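Input: a single structure, listed below in structure tokens.
The values are calculated or read from the model by the stated rules, or taken from the named source; none is laboratory data. Not measured: the values here are computed from a predicted model. Neighbour counts run over all protein chains shown; Cβ positions are idealised from the backbone, glycine included.
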Amino acid sequence: MQNRPARGIGFLCLGVFIFSLQDAVVKQVSGAYPLTQVLSIRSLVAAPILLALVQCEAGWRAILSPDFRVLMLRAAIMFGAYTAYYMAIPALPLADAIALYFTVPLFVTALAGPLLGERADWRVWSAVAVGFAGVLVMLQPGSGLFEPAALLSLVAAALYGLSMLMARRLGVAQAASVMAFYQNAVFLAGAAALALAFQLLGIDHAAHPSLAFLVRPWVWPTLYDGALIASCGVVAAFGTMLLTSAYRIAPANLVSSFEYTGILWAPLWGFLFFAESPRMSTLAGAGLIVGAGLVALHAARR
């Protein structure tokens, strides 16, 4: 395994910033277009960019990898993670959706032992428990304020953490661009398959905003909205490369702590673009999640 922590941290911070812009775009278009259409356009735009990156980094022959099945499995897990995460965005304030997603380092810490042999002691597990207490503070189950879509962010975090640990192991033999190419291909195929399935089943509306975003029929976008959605393809190509590279070249329980730099951008975009102000429970829960995650990762490194 490669071990270039400074470069890995830089890649991850830049990737998190780039993807935070995509989150704002997805929330902007989630009321008029279906998620399957957004993912399809994004993947089509990203495909030629990723092909060029594969050629520059490893050559096109690298796509014909002997790790084909594992690459496809990781890509499918990432498709599940992003689908769940994007479904949460229409139903939650942007800061809430992203703060819950910040449980990623907690899942990475918990899974790094069994998957990579990066063992964790009782201090790490205590911090993980505190982090999930922060999740409960944010969710407020039983208070009447609980939004079921929040669980989608947690599912997304768990799946994303698993996929990035797989990237760390695959990084021994696979270029980041190849992993990103497979991910993009599965996103395109998965989105198209879901859209076709909903059409054949006659499912085209739902009451909850998360489900409505998933099953809504495709429509022709305006020029402005089409450009916004297409920009997600450029973001996806370079953002995926950066994040995959970060976990590929540096220890997972080191770089994952810098996922938290996203807490700087989510409230800012929510306030500027959607007039959202984070609730006190969001700030308190996010503080516990971030603090616990940093403690867990520090203890794991020690």
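Any idea which of LEU53, LEU35, LEU44 is among the aliphatic types (A, V, I, L, M), more than 17 Å from the chain's Cα centre (by Cα) and surrounded by 19 or more Cβ atoms within 10 Å (Cβ to Cβ)?
Unique residue meeting the criteria: LEU53.
Out of LEU223, LEU201, LEU214, I need the residue that is more than 28 Å from LEU12 (Cα to Cα) and either of a type in the set (Ser, Thr, Tyr) or crowded, with 18+ Cβ neighbours inside 10 Å (or both). Which one?
After ruling out the rest, the residue left standing is LEU214.
What residue, of ALA24, ALA47, is touching a residue at least 60 places away in the same chain (Cβ under 8 Å) and more than 18 Å from LEU272 (Cα to Cα)?
ALA47
List the helices (runs of 4 or more DSSP H) inside the stretch 194-283, counting only whole elements, that have at least 2 residues being farther than 30 Å from GLU57 by Cα.
Passing ranges, in order: 209-215, 223-249, 266-274.
Which of the numbered conditions does VAL128 fail, given that it passes all the others? Conditions: (1) β-branched (Val, Ile, Thr); (2) at pLDDT 75 or above; (3) over 30 Å from ARG61 (Cα atoms); (4) part of a helix (DSSP H, G or I).
It is condition (2) that VAL128 fails.
Whether any residue in the stretch 91-98 is surrounded by 21 or more Cβ atoms within 10 Å (Cβ to Cβ), of a type in the set (Val, Ile, Thr), in contact (Cβ under 8 Å) with a residue 12 or more places away in the chain and within 27 Å of ARG279 (Cα to Cα) is what I want to check.
yes
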